[in-house]
Amino acid sequence: MARKHEEDTNRLDIAARAGWLYYIAGNTQDEIARKLGVSRQTAQRLVSTSISEKLIRVRLDHPIGRCLEMAEKIKAKFDIDFCEIVPSDPENNTLAIGVAAAAAAELERYLVSSHPVIVAMGTGRMLRAVADQLTPMDCPQHKIVSLVGNIAPDGSASMYDAVSRVAERVGASHYPMPLPVIATTIHERNLLLSQKTLRNVVELASQADVTFVGVGSVGDDAALLRDGFVKPDEMRAVLRAGAVGEIVGWSYDDKGNLIDGLTNDRVLSVPLTRPAMRKMIGVVMASERIKAVHGALTGKLVNGLITNEAMAIQLLN
């Protein structure tokens, strides 16, 4: 009986994986057959099974055994409250839709509440992808609050502002921060943050029921550098100080300690707490951010994680 149960579980696992590759990752059945090492006919049957067994809707609705096991190990290793791992496309580690869909599903768990909920969010490409995966709703009772400024260095609105997009899709009130991520000087930072409206946003964010943030890298490929919020010499100084990652502009080292001085003296985002006091979920998948994710988890800057298999393997190794 136990052997049959294990065989059934394995059958559903591979069917769910085939369904994910087909419906979410957009692979053809020939591509699925090659990636799973089965015939095209078997791949076709597996995709059909993922539908007949109700494993697949718009999002993956079956906890693939390996992903579930890795999630439990990551929770134990880093002593965090929440972790969800989605399958990786073995030939496309840049595909964000699976992680974004999983994060959107987790966010929707809060949005369906009839009681008022405060959701705080960072910004960036991944969180914008999460916003685009949300099911349209009518949630006027909720508040969506930004942790970070939505103004680009040239004064234009950020292309990756997630808060306004989420609020638009679910009909909730939203509270933006009309600021750049990093001020030019410490004096400018203090002046901007002294505004009453911004103090209200910061206070609201501190009361959030759940917070979603991206986990950024530092170095030549950092979004802060690429988007013009810091200069190359400033980024080099942050690296020399031991930084491995950043969350809403705050740079930290491999133990999760915030870097003293430098750009952190001018960050305009809502301050990070260590350990995170409320549910703080990092949403990330890019493998080159492994040090940033490891540091954030080690230092308890986040107490939840949504990522993919490839990142999970690196974290456990």
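Here are a few things to note about the model shown:
- Which labelled figure in (i) 30; (ii) 47; (iii) 25 is percent of Cα pairs over 32 Å apart, once derived from the coordinates: (i)
- Label positions at D260 and D154, each projected 7 Å from the Cα along the C-beta direction, are separated by 3.9 nm.
- Distance between the pseudo-spin-label points of D138 and L316 (7 Å out from Cα toward the beta carbon): 4.5 nm.
- Of all lysines in the structure, the ones whose alpha carbon falls short of 23 Å from that of K54, not counting any fewer than 8 places away in one chain, are K4, K35.
- Over 23 Å (Cα to Cα) - which of K77/K300; K73/K291; K77/K143 fall in this group: K77/K143
- Two tests apply to each whole DSSP H helix in the chain, Cα reach of 15 Å or more along its axis and mean Kyte-Doolittle hydropathy of at least -0.5, and the ones passing both are 40-52, 65-78, 97-111.
- Long-range Cα-Cα pairs in the range 157-277 (distance over 19 Å), rounded percent: 50 percent
Read-outs: derived from the displayed coordinates by stated rules, not from any lab. Predicted model, so just to flag it, every value in this text is computed and none were measured. Note that each Cβ is placed from the backbone with ideal geometry, even for glycine, and that neighbours are counted across all protein chains shown.
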